[in-house]
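The values are calculated or read from the model by the stated rules, or taken from the named source; none is laboratory data. As the structure is a prediction and not an experimental result, all values here were calculated from the model. Methodologically, a virtual Cβ is constructed for each residue, glycine included, from the backbone with ideal geometry; neighbour enumeration extends over all protein chains shown.
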2 protein chains.
Amino acid sequence: MAKQQFADRTYHHGALHDTLIQSAWEMIDLHGVESFTIVDAAQQAGVSKAAPYRHFRDRDALIDAVVDSGFEKLGAMVQEAVQSYETGSREKIITGGLTYIRFFHQHPAFFDLMFRGASDEDTSTDHSTRPQCLQMHIDAVSAWCYRAGVPEDMVVDTAIKMWATVHGIVSLSLNSTLRRACVETDIEELLRSFSDTFLDGIEASCQLLE
Amino acid sequence: MAKQQFADRTYHHGALHDTLIQSAWEMIDLHGVESFTIVDAAQQAGVSKAAPYRHFRDRDALIDAVVDSGFEKLGAMVQEAVQSYETGSREKIITGGLTYIRFFHQHPAFFDLMFRGASDEDTSTDHSTRPQCLQMHIDAVSAWCYRAGVPEDMVVDTAIKMWATVHGIVSLSLNSTLRRACVETDIEELLRSFSDTFLDGIEASCQLLE
DNA sequence: CTCCAATGTTAACATTGTTAACATGATATT
DNA sequence: AATATCATGTTAACAATGTTAACATTGGAG
């Protein structure tokens, strides 16, 4: 459906690369990676099933590109949500986390995909969007740490712990088996209280140092 | 290699169901799920490629059974590691978490697999090993909470948060992109300090209530 | 001992990923 | 403007896999 603007055009598609990534995103978003095929993607774009191979080495490479676009979307969404909050505020960190949660609740199929362990050591493509997302988070935590008097050498540690928390919560809430165990738990409230307990703990331990 | 005890036996294999699960475990453990095929599994068991369909509806059903066996292994390993610790102790919880981390560092391919979100609502098979793993953890946290004077209605909440923490840490340490950000971080030490900060926070907030 | 249900085999088939050989046309160069 | 070139698309093949149907074997219940 749709995408007819290119379907009956000329011999050359003109924007196949981007169209494939976008189509693939939508298809995976709706039905998961397992059922995603190059054939379907090509058909939806109105080209032959061999055409995608002019733009992507193989199926995995296309999926990899879709994952990159996912990190872009995630980064943009977090940035958007976070910008109005004061630099160094606790709310800025928590809002980032909440947005992270909401993003993957909207696109659950991509959670597994974007953080699967077996990411090839693919040096050919860029992938810079991935560390960027983490860096945004580290910056926010870093600013808060500075304000709260947390020593320099604990910043990355603190950021990692906060990220692990948010990530673990998402994973929990997306897993069908484990979800049953906490069906009545408000996920967003869970993150808030968790963050507060944790950040309180950091602050307390740092005040002892002074 | 191996499995010849059944290979040249009779027309009927005799233990194909379990053999397939075990072979599949090993193959996935070594090379990941994507490259796992029914054909290979059948060949390794010394049967035709159609034989597995007498025991499993399709490829996914076999993988699902392997995942169940994984939860069994995980549960056994945690139980083993934890049993010598005192009921209700903080160390018992942390040791459980450390074992969880070690298990998935030994079997990284199964982390994605065992916690993938799109687990079908398959009511046909058992799957009771999955909640069992979580229940063990909840019990340990529950015992600690009782000792620490944490009110009843905070127990599940606390257990979920601890689980999310451990799970997030594993996910972080297995992901190739994110691993780089914390390459010099000692994962096990990270869990210890995180747990201490968090559990201290819980204890402190509960003492205020008294 | 006989029969049947469980389990295994062989032989097909559609789908998919992938490549090779060929076609087209947008664009730079003369 | 004419043309050469290279990126991009097409068609036609292929092997591998998942899956099913039709048939074979056998262990065990009656």
field: Any pair with Cβ under 8 angstrom, 6 or more apart, that starts in the stretch B:139-153 at a residue that is under 10 Å from B:ARG90 (Cα atoms) and ends at one that is basic (Lys, Arg) and modelled with pLDDT of 95 or more
entry: B:ALA140/B:LYS92; B:ALA143/B:LYS92; B:TRP144/B:ARG90; B:TRP144/B:LYS92
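One line per residue, one yes/no per condition, for (1) within 14 Å of another protein chain (Cβ to nearest Cβ); (2) within 30 Å of A:HIS105 (Cβ to Cβ); (3) more than 8 Å from DNA strand D (Cβ to nearest atom); (4) at pLDDT 95 or above:
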position	(1), (2), (3), (4)
A:ARG9	no, no, yes, no
A:HIS13	no, no, no, no
A:THR19	no, yes, yes, yes
A:ALA24	no, yes, yes, yes
A:LEU30	yes, yes, yes, yes
A:ILE38	no, yes, yes, yes
A:ALA50	no, no, no, yes
A:HIS55	no, no, no, yes
A:LEU62	no, yes, yes, yes
- prompt: Cβ-Cβ below 6 Å, separation at least six or inter-chain, first residue in the stretch B:39-53 and under 10 Å from B:SER23 (Cβ atoms), second within 7 Å of DNA strand C (Cβ to nearest atom) and not in a helix (DSSP H, G or I): which pairs?
  reply: B:ALA42/B:LYS49
task: Being of a type in the set (Asp, Glu) and not in a helix (DSSP H, G or I) is the filter here, so list the residues in the stretch A:42-75 that pass it.
output: A:ASP58
Residue tally, condition in contact (Cβ under 8 Å) with a residue 40 or more places away in the chain, assigned to a helix (DSSP H, G or I) and closer than 18 Å to B:TYR146 by Cβ, over the stretch B:187-210: 7
- request: Would you kindly identify the helices (runs of 4 or more DSSP H) lying entirely within the stretch B:78-174 that contain at least 2 residues that are within 8 Å of chain A (Cβ to nearest Cβ)?
  value: B:109-114, B:129-148, B:155-174
